[in-house]
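The structure under discussion appears below in the form of structure tokens.
The values are calculated or read from the model by the stated rules, or taken from the named source; none is laboratory data. This is a predicted model, so every value here is computed, not measured. With ideal geometry, Cβ positions are generated from the backbone for all residues, glycine too; neighbour counts draw on all protein chains shown.
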Amino acid sequence: MTAVTSFDAAPPVDAPPARPANGVVFNGVEGAFWRLLSRGGVLLLVTLGLYRFWLQTDVRRFLWNNTEIAGENLEYIGTARELLLGFLVAIVFLAPLYAIFGLASLATEWVQQLAGLFSLVALAVLGQFAVYRARRYRLSRTIYRGIRFHQTGSAWRYAVCAIFWWGMIGMTLGLAYPWAQASLERFKIRNTYYGDLRGEFAGSGTRLFFRGVLLWFVVVAPFVLSQIVAGAMFDGNLAGEAAKQGTRSGASALDAAGTGPAVAASILGTLWLVIAVAVLYPAFQAMVLRWWISGLRFGELTATSHLRTGTIYGLYWRFVWMSLVLAAVVGVVGFFAVKTVFSAADGQRLPFGVVEISLAIAFYVVTALAYSTIYQATVKLPFWRHGFESVELKNVEVLDRVRAAPATGSPVGEGFADALHVGGI
Amino acid sequence: MLAAGKAIFFDGVTSAKRLVRIELAPDVLVIRDEEHRDVLARWRYDRLDHLVAPSGVLRLGEIGAAVPARLEVRDPALATAIDEASVPVDRSGARERRSRMKVVGWSVVAVAVLVLAAVYGVPALADKIAPLVPLRAELWLGNAVDGQVRKMLDTGGASRPFECGGGAGEGAGRAALVKLIGKLEKAAALPIPLDTKVVRRSEANAVALPGGHIYVFEGLIAKSESADEVAGIIAHEIGHVAHRDGTRALLQSAGLSFLFGMLLGDFVGGSAVVVGARAVLRSSYTREVESAADRYAVDLMSRAGGDQRALAVVLNRIAGAIHPGMEILRDHPDTQARVKLINDLATASAPQPLLEPSEWAALKRICTGR
């Protein structure tokens, strides 16, 4: 500790520039991130996707390394080789499953249905299992001030809890979401350690519920109401009669069953849902992110987020207009390409050879990759930046006293779940 | 050469940040606490681990160390001096670029090998495995596929039965079909029984599935002008059954799904590459298979005593109604080439019509009854 005191008392010439000691700063330059992504996109194309492990690792290195917490940077030490190895291991496990489900799809009907149901459940559980394991991998590859993060807890238990909570969310039409988030985040954060410092999650589901229930009433409630009204208007028995009668008299019977207004109510409700989600989703994301960050605790260390909702709207706005520009460019290029091909064809033969089909596919893939690049650079990166920069830390001196955890398990070979591409960044 | 300087050190045991003085000794980097001057660590130059760091920072670790101790040098002159002293430290990034080029190179080679495997390996493997599939397994497979294909083909609703020959006035047509199939089946002497049906679909086509299931579409009966033409088409489909092409196609499809679905293409837009590649590859597999079935049909028709050229005649008539183009995605070889092949193979003979004129007239009415 004396070393630190002396360091603070007399800052040497090579000390980092003065920063708010209780804050988080992101130093990443957006231009560099664009270059990284576009070069990665080209290489993805050339290698039909095999390069994804390297690109993923580069993106994480960029984000981690440029994130400065209380004056020190995070460090990502994961390697693409680990991800590749994990992917190969995953194939060893998934290929037989894949073969079994393939065979089951050829069997009799009830076996098919059973296999379909089973594969759905298995996929959901495996997906959540992978989410938890991928988080463990990322944490174990994160170093801060020479100390590793790590995660404990059973991934299977997490998967079962997550499936339970997502089921509850579905059954309550989203009303259970705050408590689901609070419970799952508590599970994750309590199992998260920085050295010997254990995380704690203080976010309350009830508080999130009261903050967000207005959004629910604006977005979901009108939709649910419209479906109920439509159901009440529509007389099932009368419609059934109509179906039994011929087309002529059936049509008037369908009118009597109230089909027209019922369908109209249902469509209007759905339209409302789509528009309201599009308009209010950024506000929802900002609210949940603020709540989540403000719930984080590491011992005495507490975090408070001052994330502004307008910031999130701003970044989505930028994404929307860049997407529109991309769409315009793609439209113009596509139009001229198709025109050229059609005028080259002699009118007799439809212009579809190997070359044309390959070009069309390449065009589509390039467009999709460009779109994904824009999304990563204008949504993912700003989310990371603003999420971290909105944080105000209290009691940062806790970070000076952390000790490495004894034997945090094998650091290698956990890329398995991570390779399945779960958990975003 | 600079022999000493200041840096920041994290010992990997606690998170305490220490200001240190480092000295460049001949073989080792000596890290001393700046205040107390006691040695915190000695790292050999060849054991230095050059780590990723923000710009302007040289971050070092020790290769193979038990804890991730970190040394951060921000003084450019000192960083240069360490770079010169240590082989693993490479601030120019040349080594990183080289290794990345190697990754890209090997990935491209891997993709090329996988594509070659898809074009040549998968069909060759399917050819080898298909004859080894036991007939009982093929029959089981056939029944399963039959149920699915029937559901896919049957789009007519419940108003009329999907299969022809069961309704009033269709019995005579059914009897004619049974006779025609009987003649062909006797000549073919297959190890499994055939199950041939005429079904209500307007396309002029016929399909063969694993396990001897053959569907002849109503549209084909309508386009045909003699029983031998229908027989020619059915003989072609029997060729698929005899060559076990259905099983082979299933094996190929599974192989392609594995290669392109699991190993490659897991990126944005990749699914388009997968779908495109599969469509092109599958049609390239089937064209050779179709020629083989044509050869089989000519031979079978000659054994059954029918008109060997009837298949060519009906193919020509059907092709007239289909737009040319989409060549790469067409399952069947060019019609002109097929007609030429059939006519070249056909031997001079005096064919006996396989059905009596009255039986042919009945077969024509198998779906209409009138």
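Taken as a whole, the structure leaves B:Ser55 outside the set of residues that are of a type in the set (S, T, N, Q) and assigned to a helix (DSSP H, G or I). Looking at B:Ala168, B:Ala175, which one is in contact (Cβ under 8 Å) with a residue 60 or more places away in the chain and assigned to a loop (DSSP other than H, G, I, E, B)? Residue meeting the stated conditions: B:Ala168. Taken together, the criteria exclude A:Arg211 from residues that are assigned to a strand (DSSP E or B) and touching a residue at least 40 places away in the same chain (Cβ under 8 Å). Checking B:Arg287, B:Arg278, B:Arg282 one by one, the residue that is farther than 30 Å from A:Pro96 by Cα, assigned to a helix (DSSP H, G or I) and at pLDDT below 85 is B:Arg287 and no other.
Cβ-Cβ contacts under 9 Å between residues 6 or more apart (or on different chains), taken from a first residue in region B:337-366 that is over 19 Å from B:Leu220 (Cα atoms) and assigned by TED's automatic domain parsing to the domain that holds B:Arg174 to a second residue that is modelled with pLDDT under 80 and not in a helix (DSSP H, G or I), are listed as B:Leu341/B:Pro333.
The residue of region A:294-321 that is nearest to A:Tyr193 (Cα to Cα), among those that are in a helix (DSSP H, G or I) and either touching a Ser or Thr at 6+ places or on another chain (Cβ under 6 Å) or without any contact (Cβ under 8 Å) to a residue 24 or more places away in the chain (or both), is A:Ser294. Of the numbered criteria (1) in contact with a Gly (Cβ under 9 Å, 6 or more places away or on another chain); (2) more than 20 Å from B:Ala3 (Cβ to Cβ); (3) not in a loop (DSSP other than H, G, I, E, B), the one B:Val67 fails is (3). When B:Gly64, B:Gly5 are screened for being farther than 30 Å from A:Ala32 by Cα and exposed (fewer than 12 other Cβ atoms within 10 Å of the Cβ), only B:Gly64 passes.
Evaluate region A:65-77: report whether one residue or more is among the charged types (D, E, K, R), in contact with a helix residue (DSSP H, G or I) (Cβ under 7 Å, 6 or more places away or on another chain), at the interface with another protein chain (Cβ under 9 Å from one of its Cβ atoms) and in contact (Cβ under 8 Å) with a residue 40 or more places away in the chain. Yes, that holds for at least one residue. Identify, please: which residue in region A:31-49 is away from chain B (no Cβ under 12 Å) and small (Gly, Ala, Ser) and is, among those, surrounded by the most Cβ atoms within 10 Å (Cβ to Cβ)? Residue satisfying both the conditions and the ranking: A:Ser38.
Screening B:Leu209 with (1) away from chain A (no Cβ under 13 Å); (2) at pLDDT 85 or above gives one miss only, at (1). Please report, ordered by residue number, the strands (runs of 3 or more DSSP E) entirely within region B:180-237 with at least 3 residues that are of a type outside the set (S, T, N, Q) and within 22 Å of B:Leu251 (Cβ to Cβ). Filter on region B:180-237 gives B:206-209, B:213-217.
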